[in-house]
Amino acid sequence: MPELLEVEFYRQLALGVLGRTVTGVSVPDKKVLVPPLTVTGLRRALVGRQFTSARRHGKLLLLESGPLADWGDAPAGPILGIRFGMTGELVVDDRSAVDRLLYSPGRYGPQWVRCRIELSGGRLELHDPRRFGRIALDPDESVLGPDAATVSPAELRGALAARTGGGPPLKARLQDQARLAGLGNLLCDEILWRAGLSPWRPSGSLTGPELRRLHRHLRATVSDLLVRGGSHLGDLMPERGAGGHCPRDGTALVRSTVGGRTTWWCPSHQV
DNA sequence: CCGGATGTTCACCT
DNA sequence: GAGGTGAACATCCG
């Protein structure tokens, strides 16, 4: 997916639908709806309302809807929650937010539109070739940890704290959305590479200075790659593959599986 | 044809 | 209970 950075771009794109009225809903792929949500349920929930805000929590995009009428006491509508899975992309009025994804635009297929919300003057669509994306109403945000883009040093320390032993590998814990929301596979590799920390370090084994260093690089990497335009534009990314070398010291990168995900790291300076 | 892919979840071990 | 592993999901791409 779409990690935190891409979802943030989607959020910015979604700002363009605020204040416009939902006129219809179609769901070419029913699988995207999280049970018990149905097409008619989604339609009844949204048609006639306007989206009032676009928020993001980790990799979850949240579109809040307003009341059906402009009466002062009419209740606000539900929150539309969108998860993008591995290949999901938001398209608003036929515009996408990200230049390059794995299955990227330029290769748009109408067959990949999994959900479409018609709005006055246009539409909001979820494109998703691989069909891991999901849409829910009023998603439970309480299951998510603090957002990685704004996490404080104390919150990061808490997220990495181990209850038993040294804890799981650092990278596995950084990707645990219940502890810290928003980091995915690529961002974690880039952050750990910049911070000079091995993905295998037990998450609870970091010293005070190492925690501060990780926090600094985490925040800096997120803002840096937000400017660059995506998770795939990190310094490590071009070397992240067979035969790749560390851009910092030239050491051959090592491929491991950490927390179930392919991990590329420098055995020389990531300790 | 095969392996792998920016993710989540569940079953099954230890 | 915590944590690890592997598989499943589904589809496309190199």
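The values are calculated or read from the model by the stated rules, or taken from the named source; none is laboratory data. The model shown is predicted, which means the values in this text are computed figures rather than measured ones. Every residue, glycine among them, receives a Cβ derived from its backbone with ideal geometry; neighbour counts consider all protein chains shown.
Worth a mention:
- Candidates are the residues of the stretch A:121-175 that are more than 21 Å from A:Val271 (Cα to Cα) and of a type in the set (S, T, N, Q); the one that is nearest to DNA strand C (Cβ to nearest atom) is A:Thr164.
- Condition met for A:Lys59 (within 16 Å of DNA strand C (Cβ to nearest atom), assigned by TED's automatic domain parsing to the domain that holds A:Phe132, of a type outside the set (Asp, Glu) and in contact with a Gly (Cβ under 8 Å, 6 or more places away or on another chain)): yes
- Residue that is surrounded by the most Cβ atoms within 10 Å (Cβ to Cβ), among those in the stretch A:25-50 that are away from DNA strand B (no atom under 16 Å from the Cβ) and in contact (Cβ under 8 Å) with a residue 60 or more places away in the chain: A:Leu46
- Hits in the stretch A:173-184 (condition: surrounded by 20 or more Cβ atoms within 10 Å (Cβ to Cβ) and either acidic (Asp, Glu) or more than 18 Å from A:Thr150 (Cβ to Cβ) (or both)): A:Arg173
The rows are residues; the columns are (1) within 21 Å of the chain's Cα centre (by Cα); (2) without any contact (Cβ under 8 Å) to a residue 12 or more places away in the chain.
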residue	(1), (2)
A:Arg123	no, no
A:Leu126	yes, no
A:Leu137	yes, no
A:Glu141	yes, no
A:Leu144	yes, no
A:Val151	yes, no
A:Ala159	yes, no
A:Arg163	no, yes
A:Pro168	no, no
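- Just one residue in the set A:Gly196, A:Gly208, A:Gly204 is out of contact with any Asp or Glu (no Cβ under 7 Å at 6 or more places or on another chain) and closer than 19 Å to A:Pro247 by Cα; that residue is A:Gly196.
- Among the residues of the stretch A:218-246, those that are assigned to a loop (DSSP other than H, G, I, E, B) and small (Gly, Ala, Ser) comprise A:Gly229, A:Gly230, A:Gly234, A:Gly241, A:Ala242, A:Gly243, A:Gly244.
- Counting residues in the stretch A:197-214 that are at positive phi, in contact with a helix residue (DSSP H, G or I) (Cβ under 6 Å, 6 or more places away or on another chain) and buried (at least 16 other Cβ atoms within 10 Å of the Cβ) gives zero.
- Whichever residue in the stretch A:56-73 is among the hydrophobic types (A, V, I, L, M, F, W, C) and modelled with pLDDT of 90 or more and, among such residues, is farthest from A:Gln12 (Cα to Cα): A:Leu68
- Positions within the stretch A:204-248 being of a type in the set (Ser, Thr, Tyr) and over 22 Å from the mean Cα position of the chain (by Cα), in sequence order: A:Ser205, A:Thr207
- Yes/no for A:Val22 being outside the structural domain of A:Val151 (by TED's automatic domain parsing) and either crowded, with 19+ Cβ neighbours inside 10 Å or within 16 Å of DNA strand C (Cβ to nearest atom) (or both): yes
- Flag if A:Ile191 is in the same structural domain as A:Leu46 (by TED's automatic domain parsing), of a type in the set (Val, Ile, Thr) and within 16 Å of the chain's Cα centre (by Cα): no
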